[in-house]
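Working notes for the structure below.
The values are calculated or read from the model by the stated rules, or taken from the named source; none is laboratory data. Worth saying up front: this structure is predicted, and the values here are computed from it rather than measured. All Cβ positions, even for glycine, are placed from backbone atoms using ideal geometry, and neighbour counts span all protein chains on display. We work out accessible area using only protein heavy atoms, side chains counted, and drop any ligands, DNA or RNA first. Shrake-Rupley method; radii C 1.70, N 1.55, O 1.52, S 1.80 Å.
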Amino acid sequence: MMGPAHSLSGAAAWLGVGAAAAATGHTMPWPVLVVGALICAGAALAPDLDHKSATISRAFGPLSKGLCEIADKLSYAVYKATKSKADPRRTGGHRTLTHTWFFAVLMGAGCSFAAITGGRWAVLAILFVHLVLAVEGLLWRAARVSSDVLVWLLGATSAWILAGVLDQPGNGAGWLFEAPGQEYMWLGLPIVLGALVHDIGDALTVSGCPILWPLPIAGKRWYPLGPPKFMRFRAGSWVEIKLLMPAFMVLGGVGGAAALNYI
């Protein structure tokens, strides 16, 4: 799928988690719901770090472009080192290492560790990166016609304001993980979810997605999971734009309303 659909699906997924939490009597504080949805929308672009033409490659200028090149080469190296005889030959690393459960968990765990050990500045950095990505994904038309600096300023300002809101008692800094020193440990959860939702979205397309690497399936370590081929679609097709994206918006709205106990 393309960047906007990935971000919408990520936001909708976290709002759905919020609805499930409310249904079980553990309603999220509204700042956790909002910040989590934005982080999840941003994290849903992260697996495409292995693609130099993806939305994430443009998000932070030369820095993100350089990271994309490194991720592509690293992913390709891991693919060549771990592929089985049944896996096809490739010329690049797109839709390999960064499109697996391993990458999703690694990113989420890394951000959770940074949040609880790095203090406020680490939290601000995590929020800034994912809020910029969320703007690039959710507001992609506006982001493309505006300057990168304006998007970065919006991300930085939003990160500062939202971190201040979360720091207020009862607003969610210690949500889910309540022991002293575990504030903001939950930040890794929407990051894991966003990356996995991206992988599931790509699995619906023609190429499929090797989410379960390195588990061997049908003799392949990089088996491209997906539904039957007649149910798949091409990225950017009418199915994605006219069917899935509106569906994500509706599901996200319903999930958010349920999470806040409005329905």
**Q.** Net dipole in debye of the stretch 1-258 [+1 Lys, Arg Cβ; -1 Asp, Glu Cβ; about Cα centre; nearest 20]
**A.** 1140
**Q.** Mean separation of Cα contacts under 8 Å, 6 or more apart, over the residue count of the stretch 1-258: relative contact order %
**A.** 32
Q) What percentage of the solvent-accessible surface of the chain, computed with a 1.4 Å probe over protein heavy atoms, is contributed by carbon and sulfur atoms? A) 70
Q.
Please list, ordered by chain and number, the residues whose modelled amide H lies under 5 Å from the amide H of ILE217; skip anything fewer than 5 residues away on the same chain.
A. TYR223
Q. Which value, in Å², gives the accessible area per residue of the chain when a 1.4 Å probe is used on the protein heavy atoms?
A. 49
Q.
Can you sort HIS26, HIS130, HIS94 by solvent-accessible area, 1.4 Å probe, largest first?
A. HIS26, HIS94, HIS130
Q: For the chain, compute the number of Lys pairs whose alpha carbons are separated by less than 15 Å, excluding pairs fewer than 8 positions apart on the same chain.
A: 6
Q. Could you state the number of Å between the C-alpha centres of the stretch 2-48 and the stretch 73-143?
A. 17
Q: Under 1.5 on a/c is rounded, so check that first for the stretch 58-202, then, if it is not, pick prolate when a/b is larger than b/c and oblate when it is not; a ≥ b ≥ c are the square roots of the alpha carbon gyration tensor eigenvalues.
A: oblate
**Q.** P(r), alpha carbons of the stretch 1-258 - 5 Å bins starting at zero, rounded %
**A.** 1, 7, 12, 17, 19, 17, 13, 8, 4, 1, 0, 0
Q.
Need the full-extension length gain, TYR262 to GLU69, defined as separation in residues times 0.36 nm minus the C-alpha distance. One decimal, nm.
A. 65.0 nm
**Q.** Exposure rank, largest accessible area first [LYS83, LYS65, LYS242; 1.4 Å]
**A.** LYS242, LYS65, LYS83
Q. Rounded if a/c is under 1.5, else prolate if a/b is larger than b/c, else oblate: which is the stretch 160-263, with a ≥ b ≥ c the root eigenvalues of its Cα gyration tensor?
A. oblate
